[in-house]
1. Quick one: Debye curve from the alpha-carbon atoms of the range 1-116 only, equal weights, vacuum; give me log10 I(q)/I(0) at q = 0.11, 0.20, 0.21 Å⁻¹ to two decimals.
2. Determine ³J(HN,Hα), in whole Hz, for all residues of the range 77-88 in sequence, where each value follows from phi through the Karplus function 6.51 cos²θ - 1.76 cosθ + 1.60 and θ = phi - 60°; x replaces Gly and Pro.
3. So with the 1.4 Å probe, I'd like the accessible area per residue for the chain, rounded to whole Å².
4. Go ahead and run the numbers for FRET between Ala62 and Thr105, Cβ-Cβ distance against an R0 of 30 Å, rounding to 0.05.
5. Restricting to DSSP H runs of at least four residues, report the calculated mean residue ellipticity at 222 nm for the chain, -39500 (n - 2.57) per run over all residues, nearest 500 deg cm²/dmol.
6. DSSP loop (so not H, G, I, E, B), at most 13 other Cβ within 10 Å: list which trypsin sites (Lys or Arg not before Pro) in the range 1-105 pass both filters.
7. Just subtract the alpha-carbon distance of Glu54 and Glu39 from 0.36 nm times their residue separation and send over the number in nm, one decimal.
8. Just to check I understand the Karplus step: with θ = phi - 60° and J = 6.51 cos²θ - 1.76 cosθ + 1.60, what whole-Hz values come out for the range 23-31, glycine and proline as x?
Amino acid sequence: ALFADGTVGWIQCHARVVRNAKGHPISVLGIDWDATDEELAKQEIARQSADLREAQERFQRAVSGTQDALFEFNLRTGETWYSPRFREMLGYAATDRDADGQIETFIHPDDGTIVGKAMGDHLTFGLPYDVEYRLRKCDGEWLWVRSRASAERDTEDRPLWLAGSIR
């Protein structure tokens with residue numbers, strides 16, 4: 001619609017035909033209103049949704065193109081996310097739930113202290129998290145890996161997430 005001030009917008013209209021006793025239309029009863037704000041909000045949501053889809057696709061392409069496994073560790077809940085490459089690296093099928101455990105279940109018993117110290121030093125003192133250790137593959141063999149990560153902190157400098165890569 002073209003409004004009196006020269007701007008273009010959207011009008012929402014709902015109407016009903018009023019009929020006489022014989023069923024012939026005699027008038028239209030309706031209401032309309034300026035729906036420009038709602039339409040613009042709908043368009044913005046659609047744009048943001050498309051941007052999000054594009055970012056997700058870009059992320060998936062980047063993850064698929066690297067030989068590194070990526071991870072995020074929620075320091076508050078203990079939940080861990082691994083990229084599909086983590087399963088591949090350890091010889092698990094994409095659908096194998098045995099690869100869903102916490103990282104500690106895969107770390108060689110002799111290397112747990114090294115990994116724990118590296119994480120503690122990073123979270124407490126801000127030292128780089130860059131550590132080499134062994135992970136148990138699905139066939140029982142040990143794979144030497146190098147892991148690098150950094151913590152995301154809240155406004156009070158408390159660590160929230162540890163995110164990084166395993167190569």
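The values are calculated or read from the model by the stated rules, or taken from the named source; none is laboratory data. Nothing here was measured: the structure is a model prediction, and the numbers come from that model. Don't worry about glycine lacking a Cβ; one is built from the backbone with ideal geometry, like all the others, and counts go over all protein chains shown. When the accessible area is computed, the model is the full protein with side chains, heavy atoms only, and any ligands, DNA or RNA have been set aside. Shrake-Rupley method; radii C 1.70, N 1.55, O 1.52, S 1.80 Å.
1. Log10 I(q)/I(0), no solvent term: -0.66, -1.16, -1.20.
2. 9, x, 5, 10, 10, 10, 6, x, 4, 4, 4, 4
3. Per residue, the chain has 70 Å² of solvent-accessible surface.
4. Step by step, r from the Cβ atoms, then E = 0.65.
5. That calculation yields -10000 deg cm²/dmol at 222 nm.
6. Here the trypsin sites (Lys or Arg not before Pro) that fit, given the DSSP loop and packing criteria, are Lys22, Arg76.
7. 3.1 nm
8. x, 7, x, 10, 6, 10, 10, x, 9
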